[in-house]
Amino acid sequence: MPNKPAITEPSSSEIDSNDLSTESLSDLPDKELVALCQKQLPEDLTAYRVLVERYEGLVFNLCMKFLGSREDAEEIAQDSLLQVFHKINQFEGRSSFKTWLYKIVHNYSRNRISKIIRKREVQESYEEHAKEDTDQDNFEQADASEKSAQIQEALNLLKPQEKEIIIYKFISGMTLQEISEVTEVGVSAAKMRYYRALDSFKEAFERVGKNPPPSIRKVR
């Protein structure tokens, strides 16, 4: 799980005047919890903490699928949640909060992916050179799930735009409408990109030596 954003603790006099407990806040739907955050922040972090606890796992898992590195995923996840802290008053409710949050994660990942790829290429180049004199087993880590590892390997073979749309559709369970909102393209364009990405993913999965998973299929 990612570390929570490092934000200065409020003084006791700043705690929510309505004396709402964390337990009661956790039962609120996103719309009401976000509205409370907009009212409380930046002085009171009570509702914001509940919102972070609700979504930090989802955000981290999404970042992990995008970036493939726990260190990078934790950093982007924390940056994204801090962005929520700073920008939540700009949320107007035109889409769901979850879609708005995914858009923040999407933009952070895109903005930094080139830097991460360059860093990874240098690291992989070093490891490839080292493998000449070292047993390959020392450089390979077994995943908890072989299938998950194969899917991640196939995802890593895709172009960034193809990778993100497959992650959104099958890992995050987003609709094409939500994907179009996050990626800022029309629904028809999102659908075309999805079909192309799906074909590329199937080819990539076959290249790593397996048949496409039965759950990966085209949608109407």
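Each reported figure results from applying straightforward, stated rules to the coordinates on display, with no laboratory input. Being a predicted model, the structure only gives us computed values, none of them experimental. Please note: Cβ atoms are built from the backbone with ideal geometry, for glycine as well, and neighbour counts cover all protein chains shown.
The HN-Hα couplings worked out from phi for the range 158-164 by the Karplus form 6.51 cos²θ - 1.76 cosθ + 1.60 (θ = phi - 60°) are 7, 5, x, 5, 5, 4, 5 Hz, whole numbers, x standing for Gly and Pro. Once the Cβ-Cβ distance of Gln38 and Ser188 is raised to the sixth power relative to R0 = 30 Å, the FRET efficiency obtained is 0.35.
At a 10 Å Cβ-Cβ cut-off, how would you order Val105, Val34, fewest neighbours first?
Working: Val105 26, Val34 23.
Lowest to highest Cβ neighbour count: Val34, Val105.
Along the range 190-202 the Karplus relation, 6.51 cos²θ - 1.76 cosθ + 1.60 evaluated at θ = phi - 60°, assigns HN-Hα couplings of 5, 5, 5, 4, 4, 4, 5, 5, 5, 4, 5, 5, 4 Hz to successive residues, with x for each Gly and Pro. The ranking of Lys169, Lys103 by Cβ neighbour count inside 10 Å, starting from the fewest, reads Lys103, Lys169.
For Thr99, Thr46, what's the fewest-to-most ordering of other Cβ within 10 Å of each Cβ?
Details: Thr99 16, Thr46 21.
So the ranking, lowest neighbour count to highest, is Thr99, Thr46.
Evaluating 6.51 cos²θ - 1.76 cosθ + 1.60 at θ = phi - 60° for every residue in the range 171-183, the Karplus couplings come out as 9, 8, x, 7, 7, 5, 4, 5, 4, 5, 5, 5, 8 Hz, glycine and proline recorded as x.
Going by the alpha-carbon gyration tensor, a ≥ b ≥ c the square roots of its eigenvalues, is the range 13-102 rounded (a/c under 1.5) or, if a/c is not under 1.5, prolate (a/b greater than b/c) versus oblate? Intermediate results must be reported in sequence, preceding the final value.
Working: a/c = 2.03, a/b = 1.76, b/c = 1.15.
It comes out prolate by the Cα gyration axes.
Given their separation in residues at 0.36 nm each and the Cα-Cα distance between them, Ala149 and Thr175 gain 6.9 nm when the chain is fully extended.
Taking a ≥ b ≥ c as the square roots of the eigenvalues of the alpha-carbon gyration tensor, the range 145-209 is classed prolate because a/c is 1.5 or more and a/b outweighs b/c.
Sorting 22-33, 174-185, 57-68, 81-92 by average packing, meaning the other beta carbons within 10 Å per residue, from highest down gives 57-68, 174-185, 81-92, 22-33. Give the residues of the range 68-84 whose amide nitrogen is closer than 11 Å to a point set 7 Å from the Cα of Leu157 in the direction of its Cβ. Counting backbone N atoms under 11 Å from the label point, the list is empty.
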